[in-house]
Amino acid sequence: MLNIFYGRENLDKEKFIYDNIGGRALLVVPDQFTLEAERELIAHSGAKALMDVEVLSLSRLGYRLLEELGGSKRTFIDKYGRHMILSSIAAEEREKLQVFKGLEEKNSFIELVNNFISEMKQFNCGADELAEIARSVPDGSYTQRKLEDLYLLYSEYEAAIRGKYTDSEDYIDLFLGKISRSELVAGNHIWIYGFDSFAPKALSVIGELMQYAADVNLVLTYDDKREARDADLFALAETVIRNFENLAERRSIEVRKRAIPKTYTAERADKIQFIEQELYALPARKYAHGGQSTNPAEGGASEAAAGTDSLTLVAAANLYNEAESAACYVLELVRDFGYRFSDIKVICNDQETRGPILKRVFKEYGIDLVSDTSKDILQSSIVQYITALMDVVVEKYRTDLMIKMLKSGFGDLTNDEITDLENYAIKYKIRGTMWKRPFVRGESEYGAEALLRMNAVREKALAFMPDLEAIFEAETCGEFISGLYGFLYEKVKLPEKIADLTVLQTEQGRPDLAEETAQIWGKVIGIFDQMSEIMGEQKFRAAAFRDLFEVGISQVEIGILPPTKDGLMMGTMQRTRTGEMKALVVVGANEGVLPNEKPGSGLFGSDEKNLFKENGIELCKVDDVRFLEERMGIYRNLSKPRERLWISYSLSDAEGGPARPSGVFTKLTGLFGDTPVARDALN
């Protein structure tokens, strides 16, 4: 049985799900929504709810099935391992490349190929299918030559892992045929929520669940009224419903489509309700000044009870003023209106430029802002220390690398000793093997006793280096990794120092940093493990190994959760999935940012993707789908807060040039003529 439940964002779908999810059930949500979904489940149903209901992402569901039915002990290659293998293949095959020759050493190119292969696997497109696609486009065309390059890299990658490892994107193929025997699935009610679209492989999994679970319940944001003034907003959901109906028909499974009852109408402030109705409506109505919500939120969601207008529109002079205005507003809500930080969400699509500014400014105002976007770890002190250790040996004790290693914080020297050593090395031009010999220069200036102390510091700094150099005599990469493990654990005692650092960070009131530090060490170990699996038998070449380690570690990202339940989170429109919230703060409602119109980095342009789609070929998600997902994210999030929406744009960009408000911001100013746009809100 397949039940499709749908409704607009004026309905509380979470409450509908939690009211009807009884019995043994699995709630399947996007990866980034699992924690929030668990919290919402407990809040709606009580702590005992999790006894019979389990919240899982699709990937986690797969691993649970492999644990149950066998297959979880395979050696998996994730995207980091795939990146390292592709780097080696691209270097070896560079002369055969047509379009991409010259890019094989660029990390950004390998990342694009990595992501492309990952997406192709999700769309059930293998190397052979890619070759067939290449034959279907005009001979000698630029597109054909690109496809042939990618076929070369893809097929060589598949050959490299065949019989040895399993690509993590292929784990679905491992458990798909086993679902029929799963006790985890049999008799369970499956609820699927929070998705805007599904890749073909995900559809295959859900098809099997429909066949063997008690039922599958799909909950979507959708309006079935074709005369609705914003019907285009739900075009993607309509496609999803059609795909599921076709899937059910092929499997002879009954389908029931039902609208979520109006009794689940969400409690929202008047203007938030109006935004939900009119944001993408054509033609749009004007807001009637002074209108009261017919269903005010408990605790004061109506305009009068909220204390101030529920909609605030801000035009800031620059990115820093914009960040300060947002921080001031959050503090006002907490200080004057009794909000908790967990009642508020911050959304900013411009994580590259505005993200760091927001974090820094919020910190100045005493607010820890935690991003739910992933961050790379290449610049972390742990990674810097390990790479510096290898660099010192590979580059034969280059002075800047020696100082970098000592300043990482994991050596045994004090800050004063490091400073003295650095000053001496710079003044007397200490280079290369001079580090290994007693210092003799400067005795007349330092004095004999001071020079002795300086040599004692030098010996302390290099105490473990002979042991490290011995490891570099390894014959194979596997031997080197094993030796390096032992060196880091036994000689340097790096795990103990990392544990001490996490304790210190926690005591300093930075549990988020402590969690980040612990995650980074785990990721480093994971990279070494994959390198051991991939190239353990290969001949060890120090420089090549070091470069490959950096390639792998550069792709590693970690996600940090709020250190406390009352943390303030920042996300992006498309990625962020939230439960109940009282207030939403949207920063960066500028043209090209909201919606995010930055061209997606990829190997194919929009025209090429659309050409593939027109020919019935699905090898990646087309840009039109991404745009629809972004628009749905904007609609969903701006309709979500119970009481307040604050949204801003900057009059200038990061370089000081003029910047324009986005169409979304302009639409809001048009809908609410009674809500003036605040200028330089800090003044």
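The values are calculated or read from the model by the stated rules, or taken from the named source; none is laboratory data. Only a predicted model underlies this, so the values are computations on that prediction, with no experimental measurement involved. Note that we place each Cβ from the backbone using ideal geometry, even for glycine, and neighbour counts take in every protein chain shown. We work out accessible area using only protein heavy atoms, side chains counted, and drop any ligands, DNA or RNA first. Shrake-Rupley method; radii C 1.70, N 1.55, O 1.52, S 1.80 Å.
Can you tell me the FRET efficiency between Glu496 and Tyr365 if r is taken as the Cβ-Cβ distance and R0 is 25 Å, rounded to the nearest 0.05?
Details: r = 36 Å, r/R0 = 1.45.
That gives a FRET efficiency of 0.10.
What is the spin-label model distance, in nm, from Asn243 to Asp224 if the labels are put 7 Å beyond Cα along the C-beta direction?
2.1
Which value, in debye to the nearest 20, gives the size of the charge dipole of the stretch 477-600 about its Cα centre, when Lys and Arg are +1 and Asp and Glu are -1 at the Cβ? Intermediate results must be reported in sequence, preceding the final value.
Numbers: 13 positive and 18 negative charges, 21 e Å.
Charge dipole, the stretch 477-600, about its Cα centre: 100 debye, nearest 20.
Please report the relative contact order for the chain, taking Cα pairs under 8 Å with a sequence separation of at least 6, and give it as a percent rounded to a whole number. Mind dumping the intermediate values first?
Working: 1021 pairs, mean separation 146.4, N = 683.
Computed over the chain, the figure is 21 percent.
Assuming a ≥ b ≥ c are the square roots of the Cα gyration tensor eigenvalues, decide whether the stretch 472-578 counts as rounded (a/c under 1.5), prolate (otherwise, with a/b larger than b/c) or oblate. Can you show the working numbers first?
Values: a/c = 3.93, a/b = 1.71, b/c = 2.30.
Because a/c hits 1.5 or more and a/b fails to exceed b/c, the stretch 472-578 counts as oblate.
For Thr75 and Ser482, what is the calculated FRET efficiency with R₀ set at 25 Å and r taken between the beta-carbons, to the nearest 0.05?
On the way: r = 17 Å, r/R0 = 0.68.
E(calc), rounded to 0.05, equals 0.90.
What is the stretch 1-156 by shape, rounded, prolate or oblate, if you read a ≥ b ≥ c off the alpha carbon gyration tensor as root eigenvalues and call it rounded for a/c under 1.5, prolate for a/b larger than b/c, and oblate otherwise? List each step's numbers first, then the result.
Details: a/c = 2.98, a/b = 2.31, b/c = 1.29.
Here the stretch 1-156 falls in the prolate category.
I'd like the orientation of helix 354-364 relative to the chain: the angle between its Cα long axis and the longest Cα principal axis, in ° from 0 to 90, rounded to 10.
That helix lies at roughly 80 degrees to the long axis.
Enter the angle in degrees (range 0 to 90, nearest 10) between the Cα long axis of helix 477-486 and the first principal axis of the Cα atoms of the chain, meaning the one along which they spread out most.
Long axis of 477-486 versus the principal axis of the chain: about 90 degrees.
Could you look at the stretch 1-127 and say what percent of its accessible area is carbon and sulfur, using a 1.4 Å probe and all protein chains? Show your work: numbers first, answer last.
Details: 2480 of 5330 Å².
Ligands and nucleic acids excluded, carbon and sulfur reach 47 percent.
Please say if the stretch 104-146 is rounded, prolate or oblate, where rounded means a/c under 1.5 for a ≥ b ≥ c the square roots of the C-alpha gyration tensor eigenvalues, and otherwise the choice is prolate for a/b larger than b/c and oblate otherwise? Let's see the in-between values first.
Working: a/c = 3.19, a/b = 1.26, b/c = 2.53.
Oblate, because a/c is 1.5 or more while a/b does not exceed b/c.
Based on the mean of other beta carbon atoms within 10 Å per residue, what is the order of 664-676, 271-283, most packed first?
On the way: 664-676: 16.7, 271-283: 19.3.
Sorting 664-676, 271-283 by mean packing, highest first, produces 271-283, 664-676.
For the stretch 297-447, how many pairs of lysine residues have a Cα-Cα distance under 26 Å, where the two are 8 or more positions apart or belong to different chains?
21
Run the 1.4 Å probe and let me know the accessible area of Arg340, rounded to the nearest 10 Å².
In the full protein context, Arg340 sits at about 130 Å².
If you place +1 on the Cβ of every Lys and Arg and -1 on the Cβ of every Asp and Glu, how big does the dipole about the Cα centre of the chain come out, in debye to the nearest 20? Kindly include the intermediate steps, with their values, before the conclusion.
Numbers: 85 positive and 110 negative charges, 73 e Å.
Around 340 debye, computed over the chain.
Please give the helix 494-507 orientation as an angle from the longest Cα principal axis of the chain, in degrees from 0 to 90, rounded to the nearest 10.
Between helix and principal axis, roughly 50 degrees.
Run the numbers on the stretch 415-519 and let me know its relative contact order in percent, using alpha-carbon pairs under 8 Å that are six or more apart. If you can, show how the numbers build up before the last one.
Details: 48 pairs, mean separation 15.3, N = 105.
Result for the stretch 415-519 is 15 percent.
Assigning unit charges at the beta carbon (Lys, Arg +1; Asp, Glu -1) and nothing else, what dipole magnitude in debye, to the nearest 20, does the stretch 76-198 show about its Cα centre?
Working: 14 positive and 22 negative charges, 22 e Å.
With Lys and Arg at +1 and Asp and Glu at -1, about 100 debye.
When every alpha-carbon pair in the chain is counted, what percent end up more than 45 Å apart? Could the numbers behind the result be given before it?
Numbers: 71697 of 232903 pairs.
Cα-Cα pairs in the chain separated by more than 45 Å: 31 percent.
Note down the accessible area of Ser59, probe 1.4 Å, to the nearest 10 Å².
30
In nm, what is the difference between 0.36 nm times the number of residues separating Cys328 and Ile525 and their Cα-Cα distance?
Numbers: separation 197, 0.36 × 197 = 70.92 nm, distance 4.16 nm.
Contour length minus Cα-Cα distance gives 66.8 nm.
Between Ala448 and Glu557, how many nm apart are label points set 7 Å from Cα along the C-beta direction?
Simple spin-label model gives 6.2 nm for this pair.
Let's test this: bin the Cα-Cα distances of the stretch 74-113 at 5 Å from zero up to the farthest pair and state each bin's percent.
Cα pair-distance distribution for the stretch 74-113, in percent: 5, 25, 32, 19, 10, 5, 3, 0.
Taking a quarter of the surface of the Cα convex hull of the stretch 61-130, what do you get in nm²? Don't skip to the answer; put the middle values down first.
Numbers: hull surface 24.1 nm².
That works out to 6.0 nm², a quarter of the Cα hull's surface.
Compute the accessible area per residue over the chain, keeping the other protein chains in place, probe 1.4 Å, unit Å². The partial results should precede the final answer.
Numbers: 30740 Å² over 683 residues.
Roughly 45 Å² per residue, with all protein chains present.
Along the charge dipole of the chain, which of Gln122, Thr572, Asn107 sits closest to the positive end, that is, farthest toward it, with unit charges on the beta carbon of Lys, Arg, Asp and Glu (+1, +1, -1, -1)?
Of the options given, the answer is Thr572.
Mean residue ellipticity at 222 nm from the helices of the chain, using -39,500 (n - 2.57) per DSSP H segment of n ≥ 4 over the full residue count, to the nearest 500 deg cm²/dmol? Don't skip to the answer; put the middle values down first.
Values: 27 runs with 326 residues, N = 683.
Counting only the DSSP helices, I get -15000 deg cm²/dmol.
Can you run the Rg to Rh ratio on the stretch 165-258? Use alpha carbon positions and the Kirkwood inverse-distance Rh. Intermediate values should be presented prior to the final figure.
On the way: Rg = 15.0 Å, Rh = 14.7 Å.
Here Rg/Rh amounts to 1.02.
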